[in-house]
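Undergrad: What follows is a single structure, and I will ask about it in a moment.
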Amino acid sequence: KEAIIGFLKVGYKKLFVLDDREAHNEVEPLCILDFYIHESLQRHGHGRELFHYMLQKERVEPHQLAIDRPSQKLLKFLNKHYNLETTVPQVNNFVIFEGFFAHQH
């Protein structure tokens with residue numbers, strides 16, 4: 001039986017973000033815009049599988065992503081599976097993690 005159990009919406013957005021020295025940077029990273037797995041199927045590996053597939057398809061590392069208004073559940077997910085814990089504070093609704101600027105041009 002086939003059914004949609006969740007979704008992951010990504011896209012490139014032009015953002016102005018602050019680095020760890022609080023300097024403004026204009027970047028256009030891949031952004032996580034929405035990520036959802038049905039509550040009854042969470043904690044079964046489906047989210048990790050979907051997220052891993054996206055990373056491979058987009059050829060990006062987790063620390064290179066900007067995340068639009070992440071929930072506490074998503075932040076815990078990223079910490080658990082990708083060791084993303086330390087954020088770089090922003091004035092917009094996006095969250096970036098330490099290491100984000102390592103691969104920016």
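Undergrad: How many lysine pairs in the chain, separated by 8 or more positions in sequence or lying on different chains, have Cα atoms less than 27 Å apart?
TA: The number of close lysine pairs in the chain is 16.
Undergrad: No solvent, one uniform scatterer per C-alpha: report log10 I(q)/I(0) for region 1-85 via the Debye equation at q = 0.18, 0.19, 0.26 1/Å, two decimals.
TA: One equal scatterer on each Cα of region 1-85 leads to -0.83, -0.92, -1.50.
Undergrad: Which longest uninterrupted range of the chain lacks any trypsin sites (Lys or Arg not before Pro) assigned by DSSP to a loop state (not H, G, I, E or B) and surrounded by at most 11 other Cβ atoms within 10 Å? Mind dumping the intermediate values first?
TA: Details: sites that count: LYS1, LYS14, ARG21, ARG43, ARG59.
No qualifying site falls inside 60-105, the longest such stretch.
Undergrad: Can you tally the net charge around ILE32? Count Lys and Arg as +1, Asp and Glu as -1, for every other residue whose Cβ sits under 15 Å from the Cβ of ILE32.
TA: +2
Undergrad: Calculate, for the chain, the solvent-accessible area per residue in square angstrom, rolling a 1.4 angstrom probe over the heavy atoms of the protein chains.
TA: Dividing the accessible area of the chain by its residue count gives 72 Å².
Undergrad: So if I take the centroid of the Cα atoms in region 77-96 and the same for region 1-53, what is the distance between those two points in Å?
TA: 11
Undergrad: If we count GluC sites (Glu not before Pro) as exposed when they sit in a DSSP loop and have at most 14 other beta carbons within 10 Å, what is the longest stretch of the chain that avoids them all?
TA: The answer is 23-84.
Undergrad: Choose one of PHE77, ALA102, CYS31: the residue whose Cα lies farthest towards the positive end of the charge dipole of the chain (beta-carbon charges +1 Lys, Arg; -1 Asp, Glu; about the Cα centre).
TA: So the residue furthest toward the plus end is PHE77.
Undergrad: Compute the signed sum of charges (Lys and Arg +1, Asp and Glu -1) over the other residues within less than 12 Å, Cβ to Cβ, of PHE100.
TA: With Lys, Arg at +1 and Asp, Glu at -1, the net is -4.
Undergrad: Shifting gears a bit: Nearest 20 debye, what's the magnitude of the dipole of the chain about its Cα centre given +1 on Lys and Arg Cβ and -1 on Asp and Glu Cβ?
TA: With only Lys, Arg, Asp and Glu charged at Cβ, the dipole is about 400 debye.
Undergrad: Lys and Arg at +1, Asp and Glu at -1: add these up for the other residues within a Cβ distance under 14 Å of ALA66 and post the number.
TA: Around ALA66, the charge tally is -4.
The values are calculated or read from the model by the stated rules, or taken from the named source; none is laboratory data. Computed from a prediction, not measured in an experiment: that's the story for all the values here. Don't worry about glycine lacking a Cβ; one is built from the backbone with ideal geometry, like all the others, and counts go over all protein chains shown. Ligands, DNA and RNA are excluded from the accessible area calculation, which covers all protein heavy atoms including side chains. Shrake-Rupley method; radii C 1.70, N 1.55, O 1.52, S 1.80 Å.
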